[in-house]
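What follows is a single structure, written as structure tokens, with notes after it.
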Amino acid sequence: QAKSEGYNQARAFDEELGEIIFEKNRIEIMLKKVICEEEFFLCYQPQVLAVDGSLIGFEALIRWKTKGGEWISPGQFIPIAEETGFIKPIGGWVMQKAIQQIAVWQKKSFYKLRMAINVSVKQLNEKKFILDLKDTLKKYDVAPESIEIEITESIELEENKEIIVALKKIRDMGISIAIDDFGTGYSSLYYLKNLPVNRIKIAKPLVDHIAQDSYDYAIVQTAVRVAKVKGIHVIAEGVETKEQWECLKTLECDEIQGYYFARPMLPEQAYEQWIKSAK
Ligand code: C2E
Ligand code: MG
Ligand code: MG
Ligand code: MG
């Protein structure tokens, strides 16, 4: 009995693993053939001031609808793109698109509007990245101060000296740097000390139970306090309720992003619902 149970479990595991590998290959093959302009587009999610919910800027989030009409989430394909190197052309396309968009909005509305762009550490490995960034800002006449780059914390961020050098160069250009998904995974409060960082983004799992769980509340409280010592700003992501917002305000978190305020949306909607009425 026990033996066959173990056997069945092993078989189920093999099958599951097989499916994962199959799915990965399938996405990789589609990525190889993708034409960015035809299948990708960007959605924009508002980032607001914690005290009054007023608009500060947007985070650009990629969306993929394949030629066959299938939606593949960034959570599925970005890790595969990072592993296979496709992140470089994709990231380049995102950069171009997001900067072009902020240029349009700033001219139509106000110049202080900010654009946060997700960048993979794999992109930072390339010298070309900084050159492209400079060229794109110049091309669309966008001030580096209105761009923020979001880097997800990773072991590489802590250990790879070249990445730190690249981040310093980017920051010296006037672009701000945010550490995404802060407080889960690899980040420790100590390593913030030596990173060229302007902002931390408190990860959603820490925000989820902040209003009920005193442990999570204390973690966020500590992160905010430590960040402030170094003049690092704090934004919380994944804010879905008024109670979470209230807690974060009490903790003097500077900015908020989440479904409670707005979902990621198309540029037209972002303009109509947010930018038009903002100052
Ligand atoms: P992220 O950068 O941490 O982005 C936040 C994710 O949380 C987004 O998922 C966003 O839609 C979602 N979100 C925002 N507010 C809420 C909320 O209140 N509740 C819930 N449940 N979710 C919320 P999305 O768009 O699926 O992106 C997932 C991840 O994929 C991103 O996490 C980021 O790491 C990556 N990604 C997205 N676009 C790009 C891109 O252009 N380049 C790179 N390199 N990575 C990207
Ligand atoms: Mg992000
Ligand atoms: Mg992330
Ligand atoms: Mg995040």
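The numbers here are math on the coordinates, done by the rules we state, and not lab data. All figures in this text were calculated on a predicted structure; none of them were measured in a lab. Using ideal geometry, Cβ is built from the backbone for each residue, glycine included, and neighbour counts are taken over all protein chains shown.
Overview of values
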| item | result |
| --- | --- |
| Cβ pairs under 8 Å, 6+ apart, first in segment 118-132 and assigned to a loop (DSSP other than H, G, I, E, B), second of a type in the set (Asp, Glu) and away from ligand 3 (no atom under 16 Å from the Cβ) | ASN125/GLU162 |
| Segment 175-194, residues that are more than 16 Å from ligand 3 (Cβ to nearest atom) and under 19 Å from the mean Cα position of the chain (by Cα) | ILE175, SER176, SER188, LEU192 |
| Count of residues meeting criterion [outside any helix (DSSP H, G or I) and either of a type in the set (A, V, I, L, M, F, W, C) or away from ligand 1 (no atom under 12 Å from the Cβ) (or both)] in segment 197-217 | 11 |
| Residues of segment 149-186 satisfying the condition of being more than 13 Å from ligand 2 (Cβ to nearest atom), of a type in the set (Val, Ile, Thr) and outside any loop (DSSP other than H, G, I, E, B) | ILE155, ILE163, ILE164, VAL165, ILE170 |
| Residue match in segment 95-109 (condition: β-branched (Val, Ile, Thr) and surrounded by fewer than 10 Cβ atoms within 10 Å (Cβ to Cβ)) | no |
| Hey, ILE256 of a type outside the set (Phe, Trp, Tyr) and within 16 Å of ligand 4 (Cβ to nearest atom) or not | yes |
| Single unsatisfied condition, LEU206 versus (1) away from ligand 4 (no atom under 16 Å from the Cβ); (2) crowded, with 20+ Cβ neighbours inside 10 Å; (3) under 23 Å from PRO74 (Cα atoms) | (1) |
| Conditions (1) within 16 Å of ligand 1 (Cβ to nearest atom); (2) crowded, with 20+ Cβ neighbours inside 10 Å: number failed by GLU156 | (2) |
